[in-house]
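Comments concern the structure below.
Every number here is computed from the coordinates shown, using simple stated rules; none is lab data. Predicted, not measured: the structure shown is a model, and the values here were computed from it. Heads up, the Cβs are rebuilt from the backbone with ideal geometry, glycines too, and the neighbour counts pull from every protein chain shown.
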């Protein structure tokens, strides 16, 4: 896939060297990183034992020319509400942060690369679920 929307779990597995994550992310020509993912990563780094190293690695990743941080805007908020309503009607809850990530993916037209299977419940977005 040439365009991807990055989930936190995929970034983590990419940094751990999971072959499927490395292949997908390294081969993308555009990687959208929702600001929600950054919040999750910074929280995890702060709770871990390698905060400075992890922050430096993330900065290098974000500086790559194919990577773009996507902030939440009014259009994404509208898409979020539509996805939330659809999932509630289906009776298939998804964690709130992942709803925001899905909304970014939908607006950008880029599949989510993730390790989290609950994204399968969101019909509106493409997904690449890493094994």
- Task: Scan the helices (runs of 4 or more DSSP H) fully inside region 1-90 and keep the ones with 2 or more residues being free of Cβ contacts under 8 Å to residues at least 12 places away in the same chain and farther than 21 Å from residue 124 by Cα.
- Result: 8-16, 19-26, 35-47, 51-62
- Query: Pick from 86, 108: which is farther than 20 Å from residue 131 by Cα and out of contact with any strand residue (DSSP E or B) (no Cβ under 7 Å at 6 or more places or on another chain)?
  - Reply: 86
- Message: Against the conditions (1) loosely packed, with under 12 Cβ neighbours inside 10 Å; (2) in contact with a helix residue (DSSP H, G or I) (Cβ under 7 Å, 6 or more places away or on another chain), where does residue 25 fall short? Just the number, please.
- Response: (1)
- Query: Are any residues in region 92-115 touching a residue at least 60 places away in the same chain (Cβ under 8 Å), over 16 Å from residue 25 (Cβ atoms) and either surrounded by fewer than 18 Cβ atoms within 10 Å (Cβ to Cβ) or over 10 Å from the mean Cα position of the chain (by Cα) (or both), and if so, which ones?
  - Reply: 97, 109
- Query: In region 116-131, which residues are free of Cβ contacts under 8 Å to residues at least 60 places away in the same chain and in a helix (DSSP H, G or I)?
  - Reply: 117, 118, 120, 121
- Picking from 63, 71, the residue that is within 22 Å of residue 27 (Cα to Cα) and within 19 Å of the chain's Cα centre (by Cα) would be 63
